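The values are calculated or read from the model by the stated rules, or taken from the named source; none is laboratory data. No experiment lies behind these values; they were computed from the predicted model shown. Heads up, the Cβs are rebuilt from the backbone with ideal geometry, glycines too, and the neighbour counts pull from every protein chain shown.
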Amino acid sequence: MVMVGRLLFADEKSAETALDVRDDTIFVENGALMAYAMIENMAQTCAAQLGYINSLRGDNDVRIGYVGAVKRMRIDQVPRVGETLLTRMEVLEDFGNMKLVTAESFVNERRIAVAELTIALAEERITV
């Protein structure tokens with residue numbers, strides 16, 4: 001399942017992605033993105049940042065990551081069909097195989113969700 005439409009920005013510590021919420025978007029029900037899909041979107045924004053950094057280094061083998069924990073999650077609103085969800089993430093701590101990140105999601109410049117995620121990176125890799 002793809003929950004990121006476009007990578008808008010990425011550097012060593014952060015990234016921003018966009019997802020156009022459409023009727024055929026997975027996890028859309030009753031005209032809105034379901035709340036639990038927000039976690040997946042945040043996690044995939046983290047994966048996009050890591051993949052971008054790997055590509056800058058010429059590494060086409062990307063490590064598989066898993067959400068180890070979600071803390072301080074708050075969802076004030078879910079995006080509706082026709083809206084664009086912008087998600088920004090920032091690496092707070094990098095412990096090699098573990099990353100602590102903060103993520104925020106916006107619709108029309110209004111923050112609608114925020115969370116801290118712990119991402120665990122496996123030794124397993126996939127080639128992209």
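Quick look at the values:
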quantity	calculated
Long-range neighbours under 8 Å by Cβ, at least six apart or interchain, first residue farther than 20 Å from T87 by Cα within the range 36-64, second among the basic types (K, R) and not in a strand (DSSP E or B)	none
Residues of the range 84-103 classified as among the charged types (D, E, K, R) and surrounded by fewer than 17 Cβ atoms within 10 Å (Cβ to Cβ), total	3
Checklist (1) modelled with pLDDT of 95 or more; (2) surrounded by 15 or more Cβ atoms within 10 Å (Cβ to Cβ) applied to A47, failing item	(1)
Of the criteria (1) more than 24 Å from I126 (Cα to Cα); (2) within 15 Å of the chain's Cα centre (by Cα), which one A47 fails	(1)
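Residues are listed down the side, and each one gets a yes or a no for (1) touching a Phe, Trp or Tyr at 6+ places or on another chain (Cβ under 9 Å); (2) over 20 Å from T118 (Cα atoms); (3) outside any loop (DSSP other than H, G, I, E, B); (4) among the charged types (D, E, K, R):
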{"residue": "M1", "(1), (2), (3), (4)": "yes, yes, no, no"}
{"residue": "V4", "(1), (2), (3), (4)": "no, no, no, no"}
{"residue": "L7", "(1), (2), (3), (4)": "yes, yes, yes, no"}
{"residue": "T17", "(1), (2), (3), (4)": "yes, no, yes, no"}
{"residue": "R22", "(1), (2), (3), (4)": "no, yes, no, yes"}
{"residue": "T25", "(1), (2), (3), (4)": "no, yes, no, no"}
{"residue": "I39", "(1), (2), (3), (4)": "no, no, yes, no"}
{"residue": "M42", "(1), (2), (3), (4)": "no, no, yes, no"}
{"residue": "C46", "(1), (2), (3), (4)": "no, no, yes, no"}
